[in-house]
Amino acid sequence: MPKSRAPLNGSTPTGVQWIEMKRLEPMLPQLIQDIHADSPGEFSVIGGRTGIGKTNLQMYMGLCLATGTPFFGRRCEPVGVNMLTFEGPEQNLRERLETLMKQFPDDEGRFHFEFLAPRSRAELFKTVKERLAKTAGCKVAILDSVKYIVDGDYLKSEVVTYFLNELLKPFLTGIGMSANLALPIKKPLNQGVLIDVEDVYNIKGATEWVDASVTTILLEKRHRKPKEHVTLGFAKTRIAVNDMPPMRLFFDKKLCLFKREVVRSSDFDENDDETSVQSNGTGMQIRASIP
């Protein structure tokens, strides 16, 4: 291979030079391994149908970050988190959060949470910016959901592009925060059709959100399963080192907690959406997703 040398006079580097330059660059710091970058202005997305569990998953992610608890096996750095949600009822949110927090170690005051009642989108976004700017010590904003703070159709290309490039990302950069955003996805006209959790580009309005994100996670219900059984897929993973296969999750209502699903071999369907299983040494079989 030819020797690498730095390009001169602003010229375009050779392929060899460019590879070497990229190799020498430090890796982007990560708050959630392979999922959420420690980079102000950047954001990750959790998308899915209404009622699929986006809010619950965001609460879980936020508490994983605030306590340094692994997020489905992915290492988390303990950081300050500010979660603002705009979907009630408020009493139900309080009960869910109270139950979920009992499943985690003490967050030592790093997890901030508030319900903000919906109002005009422009006014609500102004309040969101005030809360984020005035709450000290937070590195991650978790916002549920974008449809309440985007002034216009949150699935329309030009509206999304303006909101992200001119409003949200510059603001987050200025206050030194990254974000996780909940993205409601409209159900297919044919209610029996399931969304491919690894390909959301054919869904109306998703492209701009996915393209601008570091990571996009999609939740979808499972074929022939109760609504508590969902698949978590990665539609985009810009910072992941290895493949990020889908995970099967089960929502434990009693604990308000998503769990990796363990299935009996007799329940295994070779025609289902995942085919790799491995024994966990207890006569059960568990899906082989993230090591």
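Kindly establish whether THR67 is over 15 Å from CYS138 (Cβ atoms), β-branched (Val, Ile, Thr) and surrounded by fewer than 22 Cβ atoms within 10 Å (Cβ to Cβ).
When the stated conditions are applied, THR67 does not pass them.
Pick from segment 36-59 the residues that are under 14 Å from ASP211 (Cα atoms) and not polar (S, T, N, Q): which of them is surrounded by the fewest Cβ atoms within 10 Å (Cβ to Cβ)?
Checking each candidate, the answer is GLU42.
State yes or no: is MET177 out of contact with any helix residue (DSSP H, G or I) (no Cβ under 9 Å at 6 or more places or on another chain) and of a type in the set (A, V, I, L, M)?
Judged against the criteria, MET177 is not a match.
Values quoted throughout were computed directly from the atomic coordinates according to the rules given, and no laboratory measurement underlies them. Not measured: the values here are computed from a predicted model. Don't worry about glycine lacking a Cβ; one is built from the backbone with ideal geometry, like all the others, and counts go over all protein chains shown.
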